[in-house]
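The values are calculated or read from the model by the stated rules, or taken from the named source; none is laboratory data. In this text the structure is predicted, and so the values were computed from the model without any measurement. So basically every Cβ, Gly included, is an ideal-geometry build from the backbone, and we count neighbours across all protein chains shown.
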Amino acid sequence: MNNLVSSNLTHHPGRTVASVIGVAVGVILVVLTVGLVRGNLRERGQRDANIGVEIMLRQGGQGLSLTSADMTIPDSDVEAVRAVPGVAAATPVGQNLEMGASGGLGIRQIDGIDFQSFAAASNLRVVQGEPLPQSGDVAIIDFKEATSHKLKIGDKIKGMGRDLTVIGIYEPEAGARIKVPLSTMQDALGAKEKCSMIFVKCQNAAEQEAVAARILEKFPDSRILFTRDLPQLFANGFSGFNVFLNVVKGLATVISLLVILLTMYTTVAERTRQIGILKSLGASKFWIAWTFEKEALLISLLGVFGGLAIAAIARYFLVSNLGWKIDLEAGSILYASIAGLGAGLLGALYPALRAASQDPIEALSYE
């Protein structure tokens, strides 16, 4: 039977290759899409954790979001937070998300900061150029943004519908890669004297839970996020992205299933006389059905291994040459492999059963 399966595959090499590619496309779609989303989210979470503060105070009900946080917190609340026992420094921050950015997920966030208070609360330091002033269409960028986009001091970048002049490069990677004066963002977004969140530096990091509790006593309608938790939250806490990834996984599985279904259905139609001969020689229904299932399984195996190999090569190229963040997760690889094989077996089930149920006399007389 194994010889029959292999000869069937080589009888129409073009169709076999097309089927293998169809399964491989589904595997690549799952592995690279999930890897790209997870990689970018983890990097974003790690950058936010690198800011150097312990607490982020957000408006209640906003939750954790990759998108822009509404600028609804009055700047005056910053002074009230600074007065809380255990707070060493507090600084207002605005966030604005822009779609269509190059690389990664195609999105870019810009932070609006009060440079003096932000630098006092965080680890940020300007290593080239000059710090942000209180206002103006200017920006500072981190060293990776400067390197990947070949930017230097004095260059112009687009942001919030304005031409922003790069006046400084900062380290380390912390938060959004582009930062502008908070007042500039407030003017651009029509949110005068408002911010998206307040970053809090504690006098003693070991007491951050107690400090957070005191802050919530003053601002009971707010939400506290601890920066230590951000990498894991960003990796797992986005329902919108999780729904998107589930849709991608389902689509990839359907692609693989349809490719195998069409291939095997055509194969059964072409081998009607062969099936009749096999049944006249005493081949059982199970034997005939399993022959077609084995053929589909072999195609699926080739597609899975080919897809994983292509995904690994593509990841190496995208990471090395474009700087994309792609994590090849064991879970997505396992899912893609099982889904590819399962879709192959399921897609071949109907053609296999159809072949096994054919009448041998009608099959032998088929032209």
As an exercise: evaluate Thr67 against (1) of a type in the set (Val, Ile, Thr); (2) surrounded by fewer than 18 Cβ atoms within 10 Å (Cβ to Cβ); (3) under 25 Å from Phe244 (Cβ atoms); (4) at pLDDT 75 or above and give the number of the one condition it does not meet. (4)
Residues that are over 30 Å from the mean Cα position of the chain (by Cα), of a type in the set (Phe, Trp, Tyr) and surrounded by fewer than 22 Cβ atoms within 10 Å (Cβ to Cβ): find the helices (runs of 4 or more DSSP H) completely inside segment 169-269 holding 2 or more of those. none
Lone unmet requirement of (1) in contact with a Leu (Cβ under 6 Å, 6 or more places away or on another chain); (2) small (Gly, Ala, Ser); (3) assigned to a loop (DSSP other than H, G, I, E, B) for Gly154: (1)
Given the residues Ile224, Ile169, Ile215, which is the only one that is within 17 Å of Pro92 (Cα to Cα) and in contact with a Lys or Arg (Cβ under 9 Å, 6 or more places away or on another chain)? Ile224
Answer yes if at least one residue in segment 160-168 is farther than 12 Å from Gly112 by Cα, in contact with a helix residue (DSSP H, G or I) (Cβ under 9 Å, 6 or more places away or on another chain) and not in a strand (DSSP E or B), and no otherwise. yes
If I ask for residues that are closer than 16 Å to Asp48 by Cβ, at pLDDT below 90 and touching a helix residue (DSSP H, G or I) at 6+ places or on another chain (Cβ under 8 Å), which ones from segment 86-108 would you list? Asn96, Gly104, Leu105
Can you tell me which of (1) modelled with pLDDT of 85 or more; (2) surrounded by fewer than 19 Cβ atoms within 10 Å (Cβ to Cβ); (3) under 22 Å from Glu329 (Cβ atoms) is the one Val31 doesn't meet? (2)
Given the criterion more than 27 Å from the chain's Cα centre (by Cα) and surrounded by 15 or more Cβ atoms within 10 Å (Cβ to Cβ), identify the matching residue among Asp142, Asp163, Asp137. Asp137
Test: Arg15 is at negative phi and touching a Pro at 6+ places or on another chain (Cβ under 9 Å): no
Residue list for segment 176-196, restricted to those being among the acidic types (Asp, Glu) and at positive phi: Glu193
